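Comments concern the structure below.
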Amino acid sequence: MDPTTDNAGYAGDPSTARSSLESLRAEIAKAVVGQDPAVTGLVVALLCRGHVLLEGVPGVAKTLLVRALASALELDTKRIQFTPDLMPSDITGSLVYDARTAEFSFQPGPVFTNLLLADEINRTPPKTQSSLLEAMEERQVTVDGTPRLLPEPFLVAATQNPVEYEGTYPLPEAQLDRFLLKLTIPLPSREDEINVLTRHAEGFNPRDLRAAGVRPVAGPADLEAARAAVAKTAVSPEITGYVVDICRATRESPSLTLGVSPRGATALLATARAWAWLTGRDYVIPDDVKALALPTLRHRIQLRPEAEMEGVTADSVINAILAHVPVPR
């Protein structure tokens, strides 16, 4: 199937779409070693029309991962390096005066793309960070009172460094809640790191993904067919209750000052449905909810200072809740 096939002329075969999206792992593995969970998370976010926050120390291929995904999906992608002097108009675009016509015309910013890589998003002040909020939530940009729709599909993949705090501006809770998933990118295992170095010794160039053999294996038509299939994935009342019970348990946890909101519960149900469909089922089971609980909820809760001092983490709190909340049969 040609991934560039126009959506209007595409019949929309869910099984073909699933096969194409599953092949993304093999294609991205040509450029990125050992990051299957992150690849899966990015695909889930695309299926749910959500956004992703990637967190990891420098040098673990966060940027390369997003670039490889865009190449394997044949999506338009742009990158913004967030810095303290970045202005909102540098992201959204601005009105530019044309001396020939004596009129102002809109010059689109880099946000007008399918896959926006917001590199080191926490290095820019809150005013500039907030310029992404409308784009992420409403999928449009308003300049001079005129709303302008963003392309479809549209996904923001933002990266941040968890170890550097000097010169950074932590994302506020309201903006964190706009991200569907927070994916942690770990350091590679010894075997994976040997594989990375071997590739570089053999001439791998991370700036030339075509030379690495990364080719488009899916496109917007596949995503549209997949989203339609995910929307038909059945959710029983017991599963809905299970999601609600997990989220309500976070609000009662003594280790937290902020629990998961109803928006977070909706997000967990959506990601569980997408994961269920990706694994070949047309219904959701409790294991789907458990599989996506950490990346969907870890950035939506806030630890008490005393719990943080005792070494408690967001992931450990969520894991404890998953172990405690009764699982529907």
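Quick notes on this one:
- Å² of accessible area per residue within the chain, as computed with a 1.4 Å probe and no ligands counted: 48
- Residue ranges 90-97, 242-249, 69-76 sort as 69-76, 242-249, 90-97 when ordered by packing (mean number of other C-beta atoms within 10 Å per residue, highest first).
- For region 74-79, putting each phi into the Karplus relation 6.51 cos²θ - 1.76 cosθ + 1.60 with θ = phi - 60° gives couplings of 6, 10, 5, 9, 9, 10 Hz, in residue order, rounded to whole numbers and with x for Gly and Pro.
- Three-way shape call for region 228-329 based on the alpha-carbon gyration tensor, with the a/c threshold at 1.5: prolate
- ³J(HN,Hα), Karplus 6.51/-1.76/1.60, whole Hz, each residue of region 137-143, x for Gly, Pro: 8, 9, 6, 7, 10, 10, 10
- Pairs of Lys residues in the chain that lie 8 or more places apart, or on two chains, and have C-alpha atoms under 22 angstrom apart add up to 9.
- Rg(Cα)/(2.2 N^0.38 Å) for the chain, N = residue count: 1.03
- 5 angstrom amide H check on Gly93, placed H, neighbours 5+ away: Gly109
- Phi to ³J(HN,Hα) by Karplus 6.51 cos²θ - 1.76 cosθ + 1.60 over region 100-105, Hz, x for Gly, Pro: 5, 9, 6, 9, 8, 10
- For the chain, a simple Cβ point-charge model (Lys and Arg +1, Asp and Glu -1, everything else neutral) yields a dipole of about 360 debye relative to the Cα centre.
- Mean Cα-pair separation over length for the chain, i.e. relative contact order, pairs under 8 Å, 6 or more apart, %: 23
The values are calculated or read from the model by the stated rules, or taken from the named source; none is laboratory data. Quick caveat: nothing in here was measured; it's all calculated off a predicted structure. Glycine gets a Cβ as well: all are built from the backbone with ideal geometry, and neighbour counts include every protein chain shown. The protein model used for the area step is the full one, side chains on, heavy atoms only, and it has no ligands, DNA or RNA in it. Shrake-Rupley method; radii C 1.70, N 1.55, O 1.52, S 1.80 Å.
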